[in-house]
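Structure first, commentary second.
The values are calculated or read from the model by the stated rules, or taken from the named source; none is laboratory data. From a predicted model like this one, the values you see are computed outputs, not experimental measurements. Positions of Cβ are generated from backbone atoms using ideal geometry, with glycine treated the same way; all protein chains shown enter the neighbour counts.
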Amino acid sequence: MSTPPHTEPALGDDLPPSRPGATARPGGAHPAPRIPAVGRVLLAVAALALLIGAVALSPRTDVARSPEAVIGTQELVRITGPNGESVEAMARIDTGASSSSIDDDIAEDLGYDLDDAETVTVASSLGEEERPVVVGGLQLAGDAAAARFTVTDRSERTTPVLIGRADLRGLQVAVGQRMLTTPGDDTAPTALRALLSEGPALGPQSLLAVLPMAALVIVLLRVVVGLSTLGTFSPVLLAFGYTQAGLTTGLLLTGLMLTLGFAAQPLLRRFRLPRVARLSVLIGLVAMLLVGVQTALGLTGVADSWGAALPVVVTAAIIERLWETWDLDGPRPALVDCLNTLVVAVLVTLLILAPVTRLLTESAPLAFSAACVVAAGLAGTYRGLRLVELIRFSPLTRRTEALR
């Protein structure tokens, strides 16, 4: 009599019989608790909120990489007048200028008597000029010292204060960087303070290094939260413009550009222009608006103009997308998407200007970018319900559970 061949039991054949409806586990182990979909989404959103809070509200971090304080080409300074009053203003750091100067409005606000002040002849790109000279306190990168300022009209300049090399002893100037210090300390300002200041900026390498982080934020907001914007990565490009132009100026000009472009859309569609022609006209209108505002404010010829920083082409595409959403879904969804786009742009700007982000982009740009790329890939594998879907379907879920 032949013996049947020996066969290995199939996976799960050696387990005891299970109850109907139950799932067998190897070794009779209890089933592992499963986190509901709502809990997973809330955990992901909480992790995102924790990341944003930790970066945005983190303690100020020293971005200097040497014992000497490192300052950028534009820094916040505090100037103290003869009566003890002080003013904080944005200053241009110019190693090519021998002395410092302040705007005449700042000098008058601090109580200087310009009529009886000593005068000197100053040679500049505009020619020779007689300027009053005042003495005051200058606080820059944590150091306070007396300084001599020439007083002139700087209303058409990029900053109301200029700091020359006479007041830069013991400091290193990082070309292409801005706002690396605060007046009372040689550490970077908080993200909120940098966000509300005029003209914060990063260098080209730092902007490239934070691009993967900005893309990661967009992935989390769209895949996990389910937030809809006018264009996938348009908030990132707007955020980059805000880091160069300043939040107040950037939002104001964005609002003007959106209003002008949206008002011109009915006229453009009346001529039945193709989409590429409409976008070309919108780009021209947006550019004309920026040139007109700069001309009206007397900012023509300024090298660090905010007009060059704002994404004109992207803004035109956002206007076109806003009109299409208005046509297809109505005014309310279009306005909600527009508001979401601006909110996400401000959020990304806040993260870009955070001291921790700036430190990482300066010290380890490749590692920081690689970590953000890996995190974006992992976040893209999420297949659960989005937060907005859970909120939308939560009443139906409660009614279904009540009927059981």
Taking only the stretch 337-369 into account, find how many residues are more than 18 Å from the chain's Cα centre (by Cα) and at pLDDT 90 or above.
1
Every residue in the stretch 137-153 that is surrounded by 16 or more Cβ atoms within 10 Å (Cβ to Cβ), under 18 Å from Thr182 (Cβ atoms) and either touching a helix residue (DSSP H, G or I) at 6+ places or on another chain (Cβ under 9 Å) or aliphatic (A, V, I, L, M) (or both), please.
Leu138, Leu140, Ala141, Ala147
Restricting attention to the stretch 93-116, report how many residues are assigned to a helix (DSSP H, G or I), touching a residue at least 40 places away in the same chain (Cβ under 8 Å) and acidic (Asp, Glu).
2
Answer with yes or no whether Ile218 is in a helix (DSSP H, G or I), modelled with pLDDT of 85 or more and farther than 24 Å from Thr361 by Cβ.
no
What residue, of Thr315, Thr341, is in contact (Cβ under 8 Å) with a residue 24 or more places away in the chain and touching a Pro at 6+ places or on another chain (Cβ under 6 Å)?
Thr341
With respect to Phe233, determine if the residue is buried (at least 20 other Cβ atoms within 10 Å of the Cβ) and modelled with pLDDT of 70 or more.
no
Met90 versus (1) assigned to a strand (DSSP E or B); (2) at pLDDT 85 or above; (3) out of contact with any Leu (no Cβ under 7 Å at 6 or more places or on another chain): which is the lone unmet condition?
(3)
Looking at Leu351 and the list (1) without any contact (Cβ under 8 Å) to a residue 12 or more places away in the chain; (2) part of a helix (DSSP H, G or I); (3) assigned by TED's automatic domain parsing to the domain that holds Val225, which single condition is not satisfied?
(1)
Can you name the residue in the stretch 298-313 that is within 25 Å of the chain's Cα centre (by Cα) and in a loop (DSSP other than H, G, I, E, B) and, of all such residues, is modelled with the highest pLDDT?
Pro311
How many residues does the stretch 133-179 hold that are assigned to a loop (DSSP other than H, G, I, E, B), out of contact with any Gly (no Cβ under 6 Å at 6 or more places or on another chain), at negative phi and of a type in the set (A, V, I, L, M, F, W, C)?
2
Here are the criteria: (1) of a type in the set (Gly, Ala, Ser); (2) more than 16 Å from the chain's Cα centre (by Cα); (3) modelled with pLDDT of 90 or more. Tell me which single one Gly330 does not satisfy.
(3)
List every residue pair whose Cβ atoms lie under 6 Å apart, where the two residues are 6 or more positions apart in sequence or sit on different chains, the first residue falls within the stretch 130-147 and is under 12 Å from Ser86 (Cα atoms), and the second residue, located anywhere, is of a type in the set (Ser, Thr, Tyr).
Gly136/Thr80; Gly137/Thr80
